[in-house]
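Below is one structure, written out as structure tokens; comments come after it.
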Amino acid sequence: MTTLVTGATRGIGRAIVERLAAHERVIGVYRHSAEAARALSQALPRLELFACDLASSEATDQLLTTLRAQQVRFTGVVLNAGIAEHGGFVRPRQASSQEHASSQEHASSQEHASSQEHASSQEHAVPRDARPLAAERFAMGQASSQEHASSQERAAAGQAATEQPAAGHPSASTAEPSAAHDPLLYQLRSNLEAPLYLLRGLLEAELVANHASVVVVSSNLTRHAVFGKVAYAAAKAGLEAAVRQLCVELGPRGVRINAVAPGIIRTDMTAGQGARALEAYARETPLGRVGEASDVAQVVELFLGPAAAYVTGQVLDVDGGWGAR
Ligand SMILES: NC(=O)c1ccc[n+]([C@@H]2O[C@H](COP(=O)([O-])OP(=O)(O)OC[C@H]3O[C@@H](n4cnc5c(N)ncnc54)[C@H](OP(=O)(O)O)[C@@H]3O)[C@@H](O)[C@H]2O)c1
């Protein structure tokens, strides 16, 4: 049994990895949280971590090449990595892409504080980074200082970028940098294109075993409207549509595919919301609390395992009943 988990170092992905790696081999992918990766790989001997920005098709291709060389056959694939940015669909005029391309003044935009903090990072210059995989370095406990610095910058940026969105949706704390950052395109790429590109690559490279189970992490915002989440919700809705379509293509191979759709879960992604917003969300939730990463991880494990052997093409909310009201 070997399961691939993306977004493995933090939040929901980390909780999934901790459950699975207790009894099987897990290959995890993260972007640049190098410190968390080092600590996790030391704590979990069955876990092997690869640094790869899945929003970069070049980096994903490199990852696939590395996995092919290992002759791994995944019995489980968890497409969990994602980002959430908060902001209106129509950007403030001063943050338009034209202005952005003409100079670096984007960095002074108040509305794009999160992009601003990240823009200083050389790692995120255009074209998007296709950095070499760090698996070998982790095996030797030698994550580079560049990765280390990047992780620290991101942590600082995440703190500085917190916004105050209403209860019911993730905050912008994981906004991703780029010299030409477009929150619409970047969220569609990270949350929709990237997982599909990776999954297709895994299938084409025959890295997915017969009778494997694929689990996609979506969001219950695909069916509930809130301000500031157009790109995020559209991307996740696209993923859910892909899950339904793919069950037809993958079924004859014996491969199942399902999605979980969490509500508000206590992770870095929602850390910027503040206690009051989370309490308000908990009051609106029939089960009376915000979700924990372990709540989602348990359902993912169920979909991966034999208890769901006759379930495919489904999306299951894991939101304490918030969406059922
Ligand atoms: N938290 C919630 O309330 C909530 C609600 C509904 C749905 N979700 C979904 O659940 C999933 C996990 O969310 P979370 O709250 O656990 O998020 P999180 O705490 O912010 O962790 C995100 C993980 O994804 C990785 N990641 C992000 N972009 C990546 C990329 N381009 N390439 C490779 N790895 C990437 C991150 O790696 P680095 O650490 O290296 O950046 C990190 O390990 C996401 O798909 C999210 O949309 C979350």
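Comparison of Ala242, Ala308 shows that the only residue that is more than 16 Å from the ligand (Cβ to nearest atom) and in contact (Cβ under 8 Å) with a residue 12 or more places away in the chain is Ala308. Look at (1) at pLDDT 95 or above; (2) near the ligand (Cβ under 9 Å from one of its atoms); (3) farther than 19 Å from Leu199 by Cα and you find that Ala271 fails only one, number (1). In region 69-90, the count of residues that are within 23 Å of Arg189 (Cβ to Cβ), without any contact (Cβ under 8 Å) to a residue 40 or more places away in the chain and part of a loop (DSSP other than H, G, I, E, B) is one or more.
The set of residues in region 205-241 that are part of a strand (DSSP E or B) and not small (Gly, Ala, Ser) comprises Val208, Asn210, His211, Val214, Val215, Val216, Val217. Residues in region 254-268 that are among the hydrophobic types (A, V, I, L, M, F, W, C) and more than 9 Å from the ligand (Cβ to nearest atom) were compared, and the one that is nearest to Arg14 (Cα to Cα) is Ala259. Output the residue which, of all residues in region 238-253 that are touching a Gly at 6+ places or on another chain (Cβ under 7 Å) and surrounded by fewer than 19 Cβ atoms within 10 Å (Cβ to Cβ), is farthest from Asn210 (Cα to Cα). Of everything passing the filter in region 238-253, Arg244 is farthest from Asn210 (Cα to Cα).
Per-residue answers, yes or no, for (1) in a helix (DSSP H, G or I); (2) within 13 Å of the ligand (Cβ to nearest atom); (3) at negative phi; (4) surrounded by 21 or more Cβ atoms within 10 Å (Cβ to Cβ):
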site: Thr3; (1), (2), (3), (4): no, no, yes, yes
site: Thr9; (1), (2), (3), (4): no, yes, yes, yes
site: Glu18; (1), (2), (3), (4): yes, yes, yes, no
site: Val26; (1), (2), (3), (4): no, no, yes, yes
site: Ala36; (1), (2), (3), (4): yes, yes, yes, no
site: Gln42; (1), (2), (3), (4): yes, no, yes, no
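Name the pairs whose Cβ atoms lie under 6 Å apart, with the first residue in region 30-43 and more than 16 Å from Thr267 (Cα to Cα), the second part of a helix (DSSP H, G or I) and within 10 Å of the ligand (Cβ to nearest atom), and 6 or more positions between them or separate chains? From region 30-43, the pairs are His32/Glu147; His32/Ser150; His32/Ser151; Ala34/Glu147; Ala34/Ser151; Glu35/Ser151.
Every test in (1) part of a helix (DSSP H, G or I); (2) touching a strand residue (DSSP E or B) at 6+ places or on another chain (Cβ under 8 Å) is passed by Ala271 save one, and that test is (2).
The values are calculated or read from the model by the stated rules, or taken from the named source; none is laboratory data. Keep in mind it's a predicted model, so treat the numbers as computed, not measured. Note: ideal-geometry Cβ built from the backbone for every residue, glycine included; neighbour counts use all protein chains shown.
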